[in-house]
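Notes follow the structure.
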């Protein structure tokens, strides 16, 4: 075989696999390459709202938890851009979303073996005279030509994709859109008379806040309908944050699936609440708008499930239900923003080739080992790691940017068979099982 066999190939280049690329950049004994189907590095471009911050501190960058001295750290990014003093006087731990995206682009430009506009369309496992390896078929999205690359192992980070219920699909993007497209459609939205946000969580709150600010120059009515029991704050107490630590991942992973699902429900305030400053900002703005008996032209209604959307002459009719009172009603609006979350992005090629080979914990959730390796019915010599869509197997830490570095340290240790990073020591105050004497 003429082509080289890489030690591993990374599928998808978001913050998770970009962290892996950064941590392995100077490891001369690890030959790797990364592919992403998008044209360039952009992190949630439709939600880079001016003034919005990450919900985690700047230490949750690509490398700091593994190596604070790395040249790919956020602090070094600030230094390289003469922004250290500006950030110091900014006096916040959280990074602005726009700057985090700029940081990722800066890091991408410095890391070798990272390619965009390259879509993986298949991954075939081989075993022959050359040993065991994977063949990845890569489609160049510009030329529409394919090529083969070979690797001993695969690390896939294909992320998630917008979740839109079937009863809410099929409408024009400028009228009914997922939050992931918000900034692309914002100008058209603000020219309407009535915008309704459907759903809950930080994205819904940030868009509501952003549109509320725009009301100084526009007259649209702004509504927020959510199935949640209330508009509640994200749990941010310090000791509660330890449930994002590796120690809890160890504990969570060994639980049976039913207990894991129950634990995720219990920890929902840590995962799906809204940032304190966003909620306060919304309330303060509403208060100022209402001075002197002025109508702020808003509707905020929790306990409301929007079951489907129908087009009519006035715009769109939201067929809804106040589920606690079990009262059904119609809600008229002109534009709809769906804050309905995301679902796992499992590539079609993966399902076609490996669906029957993988061990599934239930019909939708594949079984993942503690080292982030997919479990196959017939064990493979060549490992297939997965670093996204892991909440069912690795808990609250699965979507936390800071824990992505920990995950990559463990994968590097496993790939090399060496303890290149110390991942064994407990680093929190709590324990989740009694210790043996």
Flagged in the range 1-50 as touching a helix residue (DSSP H, G or I) at 6+ places or on another chain (Cβ under 8 Å), assigned to a helix (DSSP H, G or I) and within 24 Å of residue 412 (Cβ to Cβ), in numbering order, are 15, 16, 18, 19, 20, 22, 23, 24
Considering the range 198-227, residues that are modelled with pLDDT under 95 and under 16 Å from residue 306 (Cβ atoms), and then whichever is surrounded by the most Cβ atoms within 10 Å (Cβ to Cβ), we arrive at 200
Reported set for the range 69-96 where residues are surrounded by 15 or more Cβ atoms within 10 Å (Cβ to Cβ) and either touching a strand residue (DSSP E or B) at 6+ places or on another chain (Cβ under 6 Å) or not in a helix (DSSP H, G or I) (or both) is 70, 71, 72, 73, 94, 95, 96
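Name the single residue, out of those in the range 306-323 being in contact (Cβ under 8 Å) with a residue 40 or more places away in the chain and more than 17 Å from residue 339 (Cα to Cα), that is nearest to the chain's Cα centre (by Cα).
Step one: filter the range 306-323 for residues in contact (Cβ under 8 Å) with a residue 40 or more places away in the chain, giving 306-309, 311, 315-316, 318, 320, 323.
Now narrow it down to the ones that are more than 17 Å from residue 339 (Cα to Cα): 311, 315, 323.
Working: 311: 31, 315: 32, 323: 29 Å.
Per the criteria, the residue is 323.
Yes or no, residue by residue, for (1) closer than 23 Å to residue 159 by Cβ; (2) in contact with a strand residue (DSSP E or B) (Cβ under 9 Å, 6 or more places away or on another chain):
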| position | (1), (2) |
| --- | --- |
| 363 | yes, no |
| 370 | yes, no |
| 375 | yes, yes |
| 389 | yes, yes |
| 396 | yes, no |
| 408 | yes, yes |
| 414 | yes, yes |
| 418 | no, no |
Given (1) in a helix (DSSP H, G or I); (2) touching a residue at least 60 places away in the same chain (Cβ under 8 Å); (3) in contact with a strand residue (DSSP E or B) (Cβ under 7 Å, 6 or more places away or on another chain), residue 100 misses just (2)
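Does residue 61 satisfy the condition of being in contact with a strand residue (DSSP E or B) (Cβ under 9 Å, 6 or more places away or on another chain), part of a loop (DSSP other than H, G, I, E, B) and assigned by TED's automatic domain parsing to the domain that holds residue 24? Steps first, answer last, please.
Values: in contact with a strand residue (DSSP E or B) (Cβ under 9 Å, 6 or more places away or on another chain): yes; part of a loop (DSSP other than H, G, I, E, B): yes; assigned by TED's automatic domain parsing to the domain that holds residue 24: yes.
Yes.
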Counting only residues that are more than 20 Å from the chain's Cα centre (by Cα) and either closer than 13 Å to residue 231 by Cα or buried (at least 17 other Cβ atoms within 10 Å of the Cβ) (or both), the range 278-295 contains a total of 6
Evaluate the following for residue 52: is it closer than 30 Å to residue 236 by Cβ, modelled with pLDDT of 95 or more and either in contact with a strand residue (DSSP E or B) (Cβ under 6 Å, 6 or more places away or on another chain) or surrounded by 15 or more Cβ atoms within 10 Å (Cβ to Cβ) (or both)? no
Filter result for residue 385 (buried (at least 22 other Cβ atoms within 10 Å of the Cβ) and in contact (Cβ under 8 Å) with a residue 12 or more places away in the chain): yes
**Item:** Residue in the range 198-205 that is part of a helix (DSSP H, G or I), in the same structural domain as residue 286 (by TED's automatic domain parsing) and either closer than 14 Å to residue 298 by Cβ or out of contact with any strand residue (DSSP E or B) (no Cβ under 8 Å at 6 or more places or on another chain) (or both) present
**Value:** yes
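For residue 28, are the conditions met, namely being in contact (Cβ under 8 Å) with a residue 24 or more places away in the chain and surrounded by fewer than 17 Cβ atoms within 10 Å (Cβ to Cβ)? Reasoning before the result, please.
Values: in contact (Cβ under 8 Å) with a residue 24 or more places away in the chain: no; surrounded by fewer than 17 Cβ atoms within 10 Å (Cβ to Cβ): yes.
The answer is no for residue 28.
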Screening 207, 138, 154 for residues that are touching a helix residue (DSSP H, G or I) at 6+ places or on another chain (Cβ under 7 Å), on the phi < 0 side of the Ramachandran plot and in contact (Cβ under 8 Å) with a residue 24 or more places away in the chain leaves only 207
Among residues of the range 362-379 being surrounded by fewer than 16 Cβ atoms within 10 Å (Cβ to Cβ) and touching a residue at least 40 places away in the same chain (Cβ under 8 Å), the residue nearest to residue 408 (Cα to Cα) is 371
Quick count over the range 379-393, residues being modelled with pLDDT of 95 or more, more than 18 Å from residue 10 (Cα to Cα) and not in a helix (DSSP H, G or I), is 0
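The values are calculated or read from the model by the stated rules, or taken from the named source; none is laboratory data. On a predicted model such as this, the values are computed, not experimentally measured, just so you know. So basically every Cβ, Gly included, is an ideal-geometry build from the backbone, and we count neighbours across all protein chains shown.
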